[in-house]
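The values are calculated or read from the model by the stated rules, or taken from the named source; none is laboratory data. Please read all numbers here as calculations on a predicted model, not as lab measurements. Counting neighbours? That spans all protein chains shown, and the Cβs are built from the backbone with ideal geometry, glycine included.
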Amino acid sequence: MTYPPVFTVEKGERAQAGAVLGRAFYDDPQWSRMMPDDDVRRVRLPMMFEGAAQMTIAAKGVPQRTAGFEAVALWLAPGRDVGFRAMLGSGFASARWAFKPPRQDFRLMMRVMRQFDRKKKQLMTEPHWYLMALGVDPDHQGRGHGSTLVRHGIERADRDGRMIYLETETEQNLDFYTRLGFDVIDEMTIAELDLPFSLLVRHPRG
């Protein structure tokens, strides 16, 4: 099938990508519990996701957007990770965010991210695409922008013969991804957030 075109998020578009993702995740259960202060979350989420977009670029990942910046996806390529090398390559893009929120919020975020990373390494022993973040601007939700980005990623993964891995904690997202061919392979509960997550994989298809 032919889907609407998608575009790479360029370096000069990082702030715009961060703003879209920040608005998309503002009411998300995970981020609402990690940053319970509404004002902190409103200001810091866009900055954090701007840094995440830059680290995706530094890690040779694929940050993508729809034509009108209605939605943004951050993909890590097989064998790539957002580690220390990516932070160096990004000029520590997220450092200005990291040291500004309440310290307890930052510590909690680091503990949660480490748990996700350990679980992914246990489950995914083969190189795979990792959908690190997918967000649709609230003003444009329900119009197929998110599925456009995911379907392009699926086509790329199928060409590569690689799996796609992601985590989600909402029933709405779970239904969205299972309709696109993803299967739940495990579940985990982040005790600090009292929040269960579904861990999903899509296997490549010819």
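Could you check the stretch 124-147 and list, in sequence order, the residues that are out of contact with any strand residue (DSSP E or B) (no Cβ under 6 Å at 6 or more places or on another chain) and either of a type in the set (Val, Ile, Thr) or in a helix (DSSP H, G or I) (or both)? Matches in the stretch 124-147: 125, 138, 139, 140, 147. Taken over the stretch 1-23, the criterion of being part of a loop (DSSP other than H, G, I, E, B) and in contact with a helix residue (DSSP H, G or I) (Cβ under 7 Å, 6 or more places away or on another chain) is satisfied by 3, 4, 9. Restricting attention to the stretch 24-69, the residues that are in a helix (DSSP H, G or I) and of a type in the set (Phe, Trp, Tyr) add up to 2. Selection within the stretch 136-183: residues that are under 14 Å from the mean Cα position of the chain (by Cα) and of a type in the set (Phe, Trp, Tyr). The member of this set that is farthest from residue 29 (Cα to Cα) is 165. Contact map, the stretch 30-45: residues that are more than 19 Å from residue 196 (Cβ to Cβ) and at pLDDT 90 or above paired with residues that are surrounded by 14 or more Cβ atoms within 10 Å (Cβ to Cβ) and among the hydrophobic types (A, V, I, L, M, F, W, C), Cβ distance under 7 Å, separation 6+ or inter-chain. Pairs shown: 41/31; 41/35; 45/25; 45/31.
Please determine whether any residue of the stretch 77-98 is in contact with a helix residue (DSSP H, G or I) (Cβ under 8 Å, 6 or more places away or on another chain), surrounded by 20 or more Cβ atoms within 10 Å (Cβ to Cβ) and at pLDDT 90 or above. There is no residue in the stretch 77-98 that is in contact with a helix residue (DSSP H, G or I) (Cβ under 8 Å, 6 or more places away or on another chain), surrounded by 20 or more Cβ atoms within 10 Å (Cβ to Cβ) and at pLDDT 90 or above.
Within the stretch 163-206, the only residue that satisfies the criterion of being in contact with a Ser or Thr (Cβ under 6 Å, 6 or more places away or on another chain), under 15 Å from residue 133 (Cα atoms) and surrounded by fewer than 17 Cβ atoms within 10 Å (Cβ to Cβ) is 174.
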